[in-house]
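Colleague: The structure is given below, and queries will be raised subsequently.
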Amino acid sequence: MAMAALRREGRRFAPLVSSPNPINAIRSTLAPAEEQMGLGVRSISTQVVRNRMKSVRNIQKITKAMKMVAASKLRAIQVRAENSRGLWQPFTALLGDTPSVNVKKNVIVTISSDKGLCGGINSTSVKISRALHKINSGPDTECKYVILGEKGKAQLIRDSKKDIELIMTELQKNFLNYTQVSVLADDILKNVEFDALRIVFNKFQSVVSFLPTTATVLSPEIVERESEAGGKIGDLDSYEIEGGETKSEVLQNLAEFQFSCVMFNAVLENACSEQGARMSAMDSSSRNAGDMLDRLTLTYNRTRQASITTELIEIISGASALEG
Amino acid sequence: MFRQVAHRLLTRSTTTTYPIFPATTTLRSFSTEVSTDASSGDSAFIDAWKKVAPNIDPPKTPSQYMEPRPPTPSTLPSKLTVNFVLPYAAELSKAEVDMVIVPATTGQMGILPGHVPTIAELKPGLLSVHEGNDVKKYFISSGFAFVHSNSYADILAVEAVPLDRIDPAQVQKGLSEFTQKLNSASSDLDKAEAQIGVDVHSALNSALTG
């Protein structure tokens, strides 16, 4: 029977040592702790639980600190994102919003974060990008990716490697400003042929709510085509064009300016969403760690009291054996 | 689960005193925007989306975050509604003014209520906003100006500085420096850069004096 108990114990210890996730390991320590009692090895069980408690407490402190850091970064960048919101509205008022436009060369610009631990926003962006890719790739249309951010790259490179045109990472190393984003936009415009650019990002609505959004920027030829066809941009012809040699030159500049403005806003909004998501992820992590700590404390007290009781029983039974 | 987290996060921030994150920040209303109920979005796009990815919610599009612009009124409106935006701030948001003068590439252009719809490319120069007897002058780097038929004007610029913040001495220095660079420039790129510098500084000069 002792051998069976040992064997059972051995099997339970193996996942304990090898699993990196302390949460699952805890559940398996609860039973062996009590089994070890039966074999008379008492002090080690409280030691094991105490080590777990120490590591969980450290994790809780770290995640709490990360939440505070994310909160302060969020406050700083939220102001800038809000101020930049006026920038894309004139373009949508002029050219309308055409996500269902049918063009030959689509480019999906996916904006994601460089660092992790920020909840599900990067996965959401990638899911939306993949679905847009499916909608827009047909027999005579093609769809390419331009990826901003490490996390998006890691996810999309797995199954869409051949469709990726350009990857840019470490955007937030220097303070995000319009000059940097316009250089980026320039890079994309120069190196990628497109008829329509679809920018996918998470718009910051509030600290707990991030809305996946896609903004569409059309190339000047497509703008002309759509305005001739009527529909949303139908009345573009009624606008007089001032400046530049020809209408197409001005429309070209307009499309480039629109792209850099929409990108600037998108990058700021995504950064805000990243910090907000990180805040809520770290908050739930600290709370989970707190719960785990409570459970571990109970286990610890139980095993401690049980070992004391066993010692007392041994002493008393020993004493009564001597007497009687 | 998300709602539970949200509820907890919000109640936490109202009950515990985070020194750097007051509860009021979460409930602030944004001046340049409206929440996402303005329209239901492009139906063709949503249909195409549902066919491909029925389990994922379709993403929102920019027009759903914007208040729709008012239609063209039948009578001439008395005031021009101006939105003057920069990447860093919305200088004027739905401001009702009498006239704006913008520095288009073809010269200074005045915009009054009822102006014909226009898309104007702007060069570095003086922008003035006239409201009654009040005139506000800014020096803007280039940008675009749209005038819509409903007497809404959108002016987008990359940088704008009120005139009184510009130092005339620096302007002169910059002008002479760039003129020198232009004369000694060798490659086309250098020449173009120097030319841009000269243009901007002479525009600054004339804005300050004129």
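Colleague: Per the Debye formula with a single identical scatterer at each Cα and no solvent contribution, what log10 I(q)/I(0) holds for region A:37-179 at q = 0.22 Å⁻¹?
Modeller: Cα-only, vacuum Debye calculation for region A:37-179: -1.37.
Colleague: Using only the Cα atoms of region A:209-276, construct the convex hull and provide its projected area averaged over every direction, in square nanometres to one decimal.
Modeller: If I average the Cα hull's projected area over directions, I get 5.6 nm².
Colleague: Which whole number gives the average, over all residues in A:207-217, of C-beta atoms from other chains lying within 10 Å of the residue C-beta?
Modeller: Across A:207-217, the average partner-chain Cβ count within 10 Å equals 5.
Colleague: Quantify how much of the Cα-Cα distance distribution of region B:55-160 extends past 23 Å, in percent.
Modeller: Here the tail beyond 23 Å accounts for 29 percent of pairs.
Colleague: Under 10 °C and 1.306 mPa s, how fast does region A:241-304 diffuse according to Stokes-Einstein, given a Kirkwood radius computed over C-alpha pairs? Answer in µm²/s, whole number.
Modeller: 96
Colleague: Calculated FRET efficiency, A:Arg57 and A:Leu322, Cβ-Cβ r, R0 45 Å, to nearest 0.05?
Modeller: Calculated transfer efficiency: 0.50.
Colleague: Could you rank the peptides A:120-131, B:60-71, A:49-60, B:188-199 by their average count of other C-beta atoms within 10 Å per residue, with the highest value first?
Modeller: My ranking of the peptides, most packed first, is A:120-131, B:60-71, A:49-60, B:188-199.
Colleague: Give the value in nm², to one decimal: projected area of the alpha carbon convex hull of region A:128-259, averaged over all directions.
Modeller: 10.7
Colleague: So, one more: If all Cα-Cα distances of region A:95-163 are sorted into 10 Å bins from 0 onward, what percent lands in each bin, rounded to whole numbers?
Modeller: Result returned by the calculation: 19, 50, 26, 5.
Colleague: To continue, here is another question. Where does each of B:122-128, A:283-289 land if you order them by average Cβ count within 10 Å, highest first?
Modeller: Per-residue mean Cβ counts within 10 Å order the peptides as B:122-128, A:283-289.
Colleague: Another one. Give me the accessible area of A:Glu165, 1.4 Å probe, in Å² rounded to the nearest 10.
Modeller: Roll a 1.4 Å probe over it and A:Glu165 shows about 80 Å².
Colleague: Can you give the average number of partner chain beta-carbon atoms within 10 Å of each beta-carbon in peptide B:87-93, as a whole number?
Modeller: 6
Colleague: On average, how many beta carbons from a partner chain sit within 10 Å of the beta carbon of a residue in A:129-140?
Modeller: That average works out to 3.
Colleague: With a 1.4 Å probe and all protein chains kept in place, how do A:Arg158, A:Arg278, A:Arg295 rank by accessible area, largest first?
Modeller: A:Arg158, A:Arg295, A:Arg278
Colleague: When each pair of different Cα atoms in region B:157-210 is counted once in the 1/r mean, what is the Kirkwood radius in angstroms, to one decimal?
Modeller: About 11.7 Å, per the Kirkwood formula over Cα pairs.
The values are calculated or read from the model by the stated rules, or taken from the named source; none is laboratory data. None of the values given here were measured: they were computed from a predicted structure. For neighbour counting, all protein chains shown are included, and Cβ atoms are generated from backbone atoms with ideal geometry for every residue, glycine included. Side chains included, ligands, DNA and RNA excluded: accessible areas come from the protein's heavy atoms. Shrake-Rupley method; radii C 1.70, N 1.55, O 1.52, S 1.80 Å.
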